[in-house]
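The structure under discussion appears below in the form of structure tokens.
We did not get these values from a lab; they are worked out from the coordinates using the rules stated. This structure is a prediction, so every number in the text was calculated from the model and none was measured. A quick note on method: Cβ atoms are made from the backbone with ideal geometry, for glycine too, and the neighbour counts reach across all protein chains shown.
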Amino acid sequence: MTTQRSHRLDSADWFGKTCAGLVLGFSLAVAVSGLCAWLTPGGIAGGNGKIQFVMWLIAPLWAGVLCFVFLFRDSRRAWLWLGGANLVACGLLAGVRGLLG
Amino acid sequence: MKIRNDVIKVYKDVHIWVGILSGLMLFIAFYAGAITMFEKPLERWATPPSSLAAPPPLARAEVLLQAVLAEHPQAAKNYLIVVEPTVDAPARVIWREPGKSRRQFTEFGASFADDGSLQVEKLRKAPVAQLVDTLHQLVGLPFPDALARPIMGAVALLYAVALVSGLIIFLPTLAKDLLAMRIGHNIKRLWMDVHNALGVVSLPFHVVMALTCVVFAFHDEFYDVQGAVVYEQGVPWQRETPPGPPTPDARPLPAVELLRLAHAQQPGFDVFNFSFKQAGGQLEASITGLDTRYGTRARTYASTHLNPYTGEIDPHDLPGQMDPWDTAVNTFFMLHFGSFGGNPVRWLYLLLGLAGALLFYTGNLLWIESRRRKQRADGVPEQTRSARVLGSLTVGVSLGCVVGISATLAATKWLPQRVDNLAAWHEGIYYALFVAAVAWAFVRGAPRAAVELLRLAALLTLLIPLSSLAGVWGIGGAWHHPGIGCVIDLTALAAVPVFLVIAGYTARRMRVGHADSVWAQPASSQPLPPSGRGPASALQE
């Protein structure tokens, strides 16, 4: 999705990509952790253990996005794709909160 | 596995930069963390003998407690009854008075003197093990927690990126290069093989460390954000209300009875102590101990609520009896702390920690090797300034951490007789040595400083068992607790020849290794042209 056969990846845009990974990677991780909090067994009132587990989820999700953000062809694409993923995840979270909350 | 060249090139750049930014801080975190695997034995080894009389039997704990409360009523707020007193908890009854911050306490212990009068001592738990742990947690930074912790979190994120990028670079040649050790004239190839083997073999350990550290650094912030956007009204923590007394005039059970009931309910759970808190006119109790069949989220114990009036244990905080979510979280902690499987796993984690330190050290060496200006027909070129600076920094920071920790540990048995603020002295000694080592590495240049600092590390580490030996003979206020603590002295003793051997190799490389290297003897002090190296070996690179 991010690279075409003809295009060669380079490191020129590292700063923009890193920022996209840090900022949008974090918000995406929080949104996905929220979906897990609402949709996995026990739901939003799953107890103290689940609250902690859901918090822990942020670390692998955030770090995962940050690790692979450099595969985007440039920082504009990184911001757009991750921004889109954020919109979807946050929209789902808002919907789930509205339905189940 | 096939990965496109341009992807590899990008991740090589990423790997090099995150490595350079985080490598030295990670070295300190791993070296200090390896030692922290034995924080509790180290603390006991480092704690001076108590002046209290031998603890009365557990059956007399309540008598002692009443005597304490009569003279020190504030003790009722927060006290312990210790089942098995140890060097670091040397009294049957211990109470805690709040210190400056929420987590700081001053601990007092009590016993009966021979004439039956009450003895009270401010406990002198040694702070040096905590210093090593703090260096580990804050990646060696001398800043307040509020500043150092987010930096540690950033380092952990860089570390995660370094692991993934390193793996991506190595994947295409993994099958061919894994565990290959090409020992020869091509030093860069050799260090590369060492670096790759260490990284791949201990990758799961490193992934655990990187991700848990992100959480350890940022959990408060994560909860705050989730409280705002995930949950309806903040994080819905369930407060546990302790059961009150069954009847208004009920009295707490004596410790002997609590212990008997604990063993009946939780066979296999080795009880260390019962702790009590007075809150809202009601007594709350918890039980602390360890069932070695299970890993724990605290490093050396597990703790849960106990009804002091009935002796009933609430098992849902005990490993093996938690709900599945709690069990998963318990496992995350356990995998970071190596708090499962007892001492064999602790030793394994110690080795993995040292291997991790070596991974970051070799990473920096590779950076230097790949920027080496090669020897040409017209002579030995000057190495780049950046390579010399990174060489000095790598040697100064890594060995500065090593000599600093050895020095502050060696001082442990001499300080309590002489100074009051032990924690400040231990910190001062560590950072004085650390800063001096870094400065020395820049003044002397990496190769000479490496040899000298390694010899200093050997000397200072030798002083650790010598101090204990002085304690055996009762010299200068030093002490030695008989028993298992001697393993610490023996480990330090075993490290001495290791430092000397590495120093020997470094000195040899300085004399007879490649002249076109930051590790060669500086040109001004070279008496003879370097031997052991001809045009043939230059061609191999």
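Here are a few things to note about the model shown:
- Residue within segment B:88-104 that is more than 25 Å from residue B:151 (Cβ to Cβ), within 23 Å of the chain's Cα centre (by Cα) and away from chain A (no Cβ under 14 Å) present: yes
- Matching option when the condition is without any contact (Cβ under 8 Å) to a residue 24 or more places away in the chain and in contact with a strand residue (DSSP E or B) (Cβ under 7 Å, 6 or more places away or on another chain), among B:296, B:247, B:304: B:304
- Qualifying helices (runs of 4 or more DSSP H) (wholly inside segment B:174-257; at least 1 residues being of a type in the set (Ser, Thr, Tyr) and under 27 Å from residue B:147 (Cα atoms)): B:203-229
- Tabulated pairs, segment A:87-98, first at negative phi and of a type in the set (Val, Ile, Thr), second assigned to a helix (DSSP H, G or I) and surrounded by 14 or more Cβ atoms within 10 Å (Cβ to Cβ), C-beta under 9 angstrom, 6+ apart or interchain: A:88/A:31; A:96/A:34; A:96/A:35; A:96/A:38
- When the test is whether a residue is more than 28 Å from residue B:395 (Cβ to Cβ), of a type outside the set (Phe, Trp, Tyr) and touching a Leu at 6+ places or on another chain (Cβ under 9 Å), residue B:422 passes it.
- Scanning segment B:292-325 for residues that are of a type in the set (Asp, Glu) and surrounded by 21 or more Cβ atoms within 10 Å (Cβ to Cβ) returns no hits.
- Pair list, Cβ < 6 Å and 6+ apart or interchain, from segment A:52-67 residues that are more than 7 Å from chain B (Cβ to nearest Cβ) to residues that are of a type in the set (Val, Ile, Thr): A:61/A:32
- If only residues of segment B:1-15 that are more than 16 Å from residue A:7 (Cα to Cα) and more than 10 Å from chain A (Cβ to nearest Cβ) are counted, the one that is surrounded by the fewest Cβ atoms within 10 Å (Cβ to Cβ) is B:2.
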